[in-house]
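Working notes, structure below.
The values are calculated or read from the model by the stated rules, or taken from the named source; none is laboratory data. Keep in mind that this is a model prediction, so the values were computed, not measured. Note that we place each Cβ from the backbone using ideal geometry, even for glycine, and neighbour counts take in every protein chain shown.
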Amino acid sequence: MDDHERRAESALALIAIALSVLFLFEGAKLKPGVFEPIGPGAVPMGVAVITIVLSLLVLLARRRSGVPVAGAGDATPAAAERWVLLLGMAALTLVYAALLQSGTVRYGTATVAYLLISFLLLSDRVRHDLPWALALALVFGLGLDYVFRYLLVADLP
């Protein structure tokens, strides 16, 4: 792993920590529901705490290896491609969240599409990975939809 990849991982860890702090702040403002003893903010806040811990572990590993935590980096084509991929994933995530917020698409359908596109964006061999990406997207997307709807009885669009 070259220095640019390490810097990109460190930058991503810092972004994850910042977003997790936002999730903690917003999750703490949610009022507890009548039928939910732990409240609606427990899951996002739990995920945020786990994300912060894992991100701190990434930063700690970078510090111990003597690699700078964040920097400008070089402008090689591979590095530029990674940043385009990062921005693409961020844009895809924002579109996914906006679709869920608007309620125009069912949770299961949106999650399957989001996961499939994410897996294929991250893949080096799209044709080879398509069957696995489709299978994983269906299992996780529809599985999460089932868990949230029928086991946790969450009100999903």
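Every residue in region 5-20 that is out of contact with any Gly (no Cβ under 9 Å at 6 or more places or on another chain) and buried (at least 16 other Cβ atoms within 10 Å of the Cβ), please. Outline the logic, then answer.
Our first condition is that a residue be out of contact with any Gly (no Cβ under 9 Å at 6 or more places or on another chain); within region 5-20, this holds for 5-6, 9, 12-20.
Within region 5-20, ARG6, GLU9, ALA13, ALA16, ILE17, SER20 meet the criteria.
When restricted to residues that are under 26 Å from ALA8 (Cβ atoms) and surrounded by 15 or more Cβ atoms within 10 Å (Cβ to Cβ), region 90-112 contains 2.
Considering region 1-105, the qualifying helices (runs of 4 or more DSSP H), each wholly inside and each with 3 or more residues that are at pLDDT below 70 and on the phi < 0 side of the Ramachandran plot, run over 77-102. Only one of the numbered conditions (1) in contact (Cβ under 8 Å) with a residue 40 or more places away in the chain; (2) within 19 Å of PRO40 (Cβ to Cβ) is violated by VAL105, and that is (2). Might you check whether a residue that is surrounded by 13 or more Cβ atoms within 10 Å (Cβ to Cβ) and farther than 30 Å from GLU81 by Cβ occurs anywhere in region 113-126? Checked against the condition, which is being surrounded by 13 or more Cβ atoms within 10 Å (Cβ to Cβ) and farther than 30 Å from GLU81 by Cβ, region 113-126 yields no hits at all.
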